[in-house]
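Since the structure comes first, as structure tokens, the remarks are kept for the end.
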Amino acid sequence: MTSATLLTPARTPSEAASTVANRIDERAYIRVLVVLDSAVLTVALLTGYLARFGDETPGGSKIPYVLVAPGLVLAWLVSLKALGCYDDRVIGYGADEYRRVGTASLRLAGGIAIVGYVADVGVSRGFLAITFAVGTVGLEVARFAARKRLHRARSRGDGWSRRVLVVGDTAHALDLVQTLRREPYAGYTVVGACIPDALLAPVPQRLGDVPVVGSFRGIPEAATAIGADTVAVTASVELTAGRLRRLGWQLEGTGIDLVVAPALTDVAGPRIHTRPVAGLPLIHVEAPEFRGARKLVKGLVDRSAAAVALTLLMPLLAAIAVAVRVDSRGPVLFRQTRVGQGGREFGVWKFRTMVVDADALLGGLAARNETDGLMFKMREDPRVTRVGRLLRKWSLDELPQLVNVLLGQMSLVGPRPPLPSEVARYDGDVARRLLVKPGMTGLWQVSGRSDLSWEDGIRLDLYYVENWSLAADLTILWKTFGAVINGRGAY
């Protein structure tokens with residue numbers, strides 16, 4: 001009997017029941033998606049029909065639309081299924097689910113257009129165009145709503161998640177556990193770990209609060225014993241290519257997925273390309289893009305959007321200015337020196353939310369700092385005015401920064417603009433935040449703002465610097481509205 005067998009606990013009835021319940025929840029979620037998709041497509045068809053024909057029967061047409069509609073819904077659902085839009089490895093997290101839904105819809109639309117042209121079918125092109133436009137947008141919105149509900153359930157520990165067995169040496173296994181737990185809504189729950197044989201002890205061991213359930217010699221048995229449905233392998237000297245390949249063979253037919261976590265982290269998917277060379281899946285990582293056509297487009301979009309926003313928000317800005325002026329003595333706007341792209345300093349504009357001598361009072365409050373790192377934050381800062389608290393809660397104090405965006409000093413989305421005193425204490429890694437323009441919002445804001453630790457805030461900023469894209473900017477702007485309404489970390 002191996003040491004791995006000795007250390008692998010028997011699967012308890014509660015663990016088995018948990019696995020079964022998890023499977024049921026997963027199937028239930030997929031059924032909900034099918035029902036949602038069917039409802040959306042039905043509404044899209046009715047919208048397309050009414051928009052094209054109104055209440056009248058299509059004159060001169062021999063096409064039985066009452067039969068076309070169910071057939072189109074069925075074909076659409078089959079297309080979604082064929083492209084893996086109901087695959088449990090895709091749904092619930094990441095952008096791939098949305099891409100697949102869009103691709104399935106576009107391919108079906110293209111296929112129907114080709115067949116209709118070749119067979120000379122007289123289905124109204126206007127009806128099809130409206131139906132596919134409404135249906136595609138509706139499917140994406142429905143998936144987004146369903147995902148948000150799932151994320152909330154996962155954060156509470158209720159939604160279905162994958163039960164993960166982490167395999168690797170101690171340091172890398174701990175890193176992977178922390179990474180997976182950083183975003184619980186992703187749906188990966190670590191239930192056990194396997195470590196190298198040489199690190200095993202005759203008594204039960206734990207990696208943090210994760211039980212060590214075996215060694216590398218009994219990974220499939222350990223996964224089965226604790227009810228894991230995913231084995232996540234991270235770096236270890238003992239896990240050679242041949243050993244990893246044999247592990248894949250051993251897991252065949254067990255229903256347990258094998259995933260490999262590379263040592264390279266915080267790199268977005270679009271920058272990663274796998275190239276098979278001599279039987280090896282080499283990972284090619286593209287360099288970050290800090291200049292070029294995409295940067296020019298980003299700058300143009302930023303300035304155009306800032307100009308439009310300033311025009312539309314002028315009445316609100318005037319009302320806020322009056323409120324700030326009436327609430328306490330001092331100027332309406334507060335100008336503070338911040339550091340922008342390339343280390344260049346500029347004056348960032350905000351509505352004043354503190355008393356005029358706030359900087360002089362900071363020294364007496366230093367001991368009450370509620371955050372780590374180089375920033376100062378207090379939930380109940382006595383320097384903040386009454387109107388200032390409301391402005392900070394809804395992030396309205398930052399609206400004047402649209403002027404900074406219009407001047408090209410800031411971007412709508414980017415890292416948090418740091419103070420010169422913070423930049424003076426940057427090390428080599430943190431200084432990479434200055435490779436791009438700072439933003440009015442960013443990953444730091446939609447992920448918790450002041451509730452984040454200094455380390456997490458830097459990690460998110462560096463992730464954005466390395467992996468920015470126009471699509472990511474739009475996603476962050478969309479999430480910013482939710483973060484502002486929620487008010488999390490705003491103080």
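The values are calculated or read from the model by the stated rules, or taken from the named source; none is laboratory data. Remember, it's a predicted structure, so these values are computed and weren't measured experimentally. So basically every Cβ, Gly included, is an ideal-geometry build from the backbone, and we count neighbours across all protein chains shown. Remember, those area values only see protein heavy atoms, side chains included, never the ligands or the DNA or RNA. Shrake-Rupley method; radii C 1.70, N 1.55, O 1.52, S 1.80 Å.
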* Structure fact -> Diffing the stretch 214-220: the Karplus 3J(HN,Hα) column from phi (6.51, -1.76, 1.60, θ = phi - 60°), in whole Hz with x for Gly and Pro, holds x, 10, 5, 7, x, 5, x
* To do: Show me 124-130, 204-210 ranked by packing, highest mean number of other Cβ atoms within 10 Å first.
  => 124-130, 204-210
* Place the peptides 421-432, 183-194, 86-97 in order of packing, highest mean first, counting for every residue the other Cβ atoms within 10 Å and averaging per peptide. => 183-194, 86-97, 421-432
* **trypsin sites (Lys or Arg not before Pro) restricted to DSSP loop in the stretch 132-189 with at most 13 other C-beta within 10 Å** => ARG156
* Tell me, what HN-Hα J-couplings in whole Hz come from the Karplus equation 6.51 cos²θ - 1.76 cosθ + 1.60 at θ = phi - 60° for each residue of the stretch 159-164, using x for Gly and Pro? -> x, 5, 9, 7, 8, 10
* Asked: Considering the dipole of the stretch 79-190 built from charges on the beta carbon (Lys and Arg +1, Asp and Glu -1) around the Cα centre, which of ALA153, VAL177, SER79 is farthest to its positive end?
  -> ALA153
* Asked: Given the C-alpha centroids of the stretch 418-475 and the stretch 178-252, what is the distance between them in whole angstrom?
  -> 33 Å
* Asked: Going highest first, how would you order 235-248, 455-468 by mean Cβ packing within 10 Å?
  -> 455-468, 235-248
* Structure fact -> Mean separation of Cα contacts under 8 Å (at least 6 apart) over the residue count of the stretch 95-185, i.e. the relative contact order in percent, is 25 percent
* **For the stretch 382-491: relative contact order, % (alpha-carbon pairs under 8 angstrom, 6 or more apart)** => 33 percent
* Asked: Can you list the residues, at least 5 places off or on another chain, whose amide H is less than 5 Å from the amide H of VAL260, using H built in the peptide plane?
  -> VAL233
* the stretch 146-264, accessible surface, carbon-and-sulfur percent (1.4 angstrom probe) -> 55 percent
